[in-house]
Amino acid sequence: MEKRETRNLELIGGRTCLDFANTVSTRAEGLRREYLTSYDQLVAWGQHANLLTEGEANALLQTAADHPASAAAALDRAIALREAIYRIFSAIAHGREASGGDVAAMNRALRKGLSRQEVVASAGGFQWAWISDGDGLDRILWPVVRSAADLLTSEDLGRVRECAREGCDWLFVDMSKNQSRRWCSMAACGSRAKAHSYYQRKKGLRSDTH
């Protein structure tokens, strides 16, 4: 199996904001693996998630190289926003009220992002576009926070789930017909959870025979 890296991280959240929340392996103490280890990795994820064209990615990387301190600050903002988004949707997935502080942090990022949207002419009429003038190092965050706002105000909000496997806190939208999806990925967490359950049952049976 190919090793998990930013460039091939599974996009299984069902919404851009949840895929962004899933850019850390887990938040469990001692098991955490951070995928956004540099601004370059943030850009790589943005390209992987189809939020950036190659030209936009290259422009951001050049800006980051020219202004490393600003790029580091932008990465810090990205991770802070990611964690706020995670906490908001994790709370919702578990039937809890989201923190007012986290919602306020999301709204601050949302106001900045929405100020960078405009309507442009396209072949079929008109469409929304992002304005990338200036350094725009936060460019990747704009569609992410817009996605979070759209999900929070959509009919699918009640379908947000957190993976049921212990040690995984990835988020996803459960679009199954009977809303019974438990795992972020059946191929990964689902199969591991089933294997663990099978092992525990076999272990119990062996103990009963002694």
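The values are calculated or read from the model by the stated rules, or taken from the named source; none is laboratory data. No experiment lies behind these values; they were computed from the predicted model shown. Cβ placement follows ideal geometry from the backbone for every residue including glycine, while neighbour counts extend to all protein chains displayed.
Of note:
- Test result for ILE92, at pLDDT 95 or above, on the phi < 0 side of the Ramachandran plot, surrounded by fewer than 19 Cβ atoms within 10 Å (Cβ to Cβ) and assigned to a helix (DSSP H, G or I): no
- Screening GLN127, GLN62 for residues that are within 25 Å of SER38 (Cβ to Cβ), out of contact with any helix residue (DSSP H, G or I) (no Cβ under 9 Å at 6 or more places or on another chain) and of a type outside the set (A, V, I, L, M, F, W, C) leaves exactly one candidate, GLN62.
- Selection status of CYS168, surrounded by 21 or more Cβ atoms within 10 Å (Cβ to Cβ) and touching a helix residue (DSSP H, G or I) at 6+ places or on another chain (Cβ under 7 Å): yes
- Test result for THR53, under 22 Å from TRP130 (Cβ atoms), among the β-branched types (Val, Ile, Thr) and without any contact (Cβ under 8 Å) to a residue 40 or more places away in the chain: yes
- Test: residue in region 4-20 that is in contact with a helix residue (DSSP H, G or I) (Cβ under 9 Å, 6 or more places away or on another chain), farther than 24 Å from ASP174 by Cα and not aliphatic (A, V, I, L, M): yes
- Residue list for region 19-72, restricted to those being assigned to a loop (DSSP other than H, G, I, E, B), among the charged types (D, E, K, R) and out of contact with any strand residue (DSSP E or B) (no Cβ under 8 Å at 6 or more places or on another chain): ARG27, GLU29
- Residues in region 141-165 that are at pLDDT below 95 and either closer than 22 Å to ARG108 by Cβ or loosely packed, with under 15 Cβ neighbours inside 10 Å (or both): ALA164 alone.
- Residue check for MET186: within 23 Å of GLU10 (Cβ to Cβ) and either at pLDDT 70 or above or basic (Lys, Arg) (or both): no
- Counted as qualifying within region 122-180 are the strands (runs of 3 or more DSSP E) with 1 or more residues that are among the aliphatic types (A, V, I, L, M) and closer than 15 Å to LEU51 by Cα, namely 125-130.
- Selection within region 12-39 - in contact with a Gly (Cβ under 9 Å, 6 or more places away or on another chain), under 24 Å from SER176 (Cβ atoms) and of a type in the set (Gly, Ala, Ser): ALA21
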